[in-house]
Amino acid sequence: MALLYRPATAKVEVRIVKIISRNDWGAKPNKTKFSKLGEVKGLVVHWSAYPVAIGNQAEMDQCKQIQRLHQVDRGWNDIAYNFLVGDTGQIYEGRGFGNRSAAQGGNSRQEINYNNKHYVAVCWLGGSKPADQPSAEARAAISWLYEQVGGELRPHSSFKQTDCPGDAWRQWIIEKKTATIDELKKATNITAEDLSNASGAEMVHPQFIQKKLDTIIAKLENIENKLKLGRII
Ligand SMILES: [Zn+2]
């Protein structure tokens, strides 16, 4: 059965994303009932540390390989991640939305299992070499997931000492955050275009100022959601 999700926010181009269900990639059942996610704080990016899977079949095979590693070798309940993403841009269901991951490891916070309870985990199917680069499609798929999840966007290495998810993803996360900050800067500038569209009276008109302020507030709210940083990189 295919699971269909529609992005929550209206974009110029509405992208319907199909997530390959556990059944469709041949997952084994979870051993016991999943614990539920708590209040979601953000999305954490991981890599599998296996060679980059090329093509859908290899991606599904690697999902199975990771599930075996987690269920059999490590004795866990199930594959640790909520989702997995391949270079094809295809998203595979792991524990799915709403269930707690097992990917972020232990933590020093007061609440037991805090990092797994409050963060959705997505794993890119690659990363056996530090120089491995995710495809544009894989990045777009993780962007889409982040739009659904909201909150912080963090690399696994922001939680503990690990190379995961590699420099390419860490750089991408930084660039994504920088892009958001640039958007804010743009919103706070009254551009030449604004001036040419506004008459002299409008430029000092309260509504003109109000419009600018509304844009700034909307951007700030967006950033507040996305940049509740904690420790970033
Ligand atoms: Zn990781």
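Right, Lys160: at pLDDT 65 or above, away from the ligand (no atom under 16 Å from the Cβ) and surrounded by 12 or more Cβ atoms within 10 Å (Cβ to Cβ) or not? It is false that Lys160 is at pLDDT 65 or above, away from the ligand (no atom under 16 Å from the Cβ) and surrounded by 12 or more Cβ atoms within 10 Å (Cβ to Cβ).
In the range 135-170, of all residues being in a loop (DSSP other than H, G, I, E, B) and of a type in the set (Ser, Thr, Tyr), the one that is nearest to Asn116 (Cα to Cα) corresponds to Thr162.
Taken together, the residues in the range 145-157 that are near the ligand (Cβ under 10 Å from one of its atoms) and in contact with a strand residue (DSSP E or B) (Cβ under 9 Å, 6 or more places away or on another chain) amount to 2. Hey, among the residues in the range 25-75 that are among the hydroxyl-bearing types (Ser, Thr, Tyr) and within 16 Å of the ligand (Cβ to nearest atom), which one's farthest from Cys164 (Cα to Cα)? Only one residue tops the list, namely Tyr50. Applying the condition of being in contact with a Ser or Thr (Cβ under 9 Å, 6 or more places away or on another chain) and surrounded by fewer than 20 Cβ atoms within 10 Å (Cβ to Cβ) to the range 123-157 and asking which residue is farthest from Leu43 (Cα to Cα) yields Ser128. Pull up the range 97-106, narrow it to residues that are buried (at least 16 other Cβ atoms within 10 Å of the Cβ) and away from the ligand (no atom under 13 Å from the Cβ), then point me to the one that is modelled with the highest pLDDT. Ranking the candidates gives Asn99 first. Filtered by the rule that a residue be modelled with pLDDT under 95 and within 16 Å of the ligand (Cβ to nearest atom), the range 132-144 gives a lone residue, Asp132.
The values are calculated or read from the model by the stated rules, or taken from the named source; none is laboratory data. The structure displayed is predicted, hence computed values, not measured ones. Methodologically, a virtual Cβ is constructed for each residue, glycine included, from the backbone with ideal geometry; neighbour enumeration extends over all protein chains shown.
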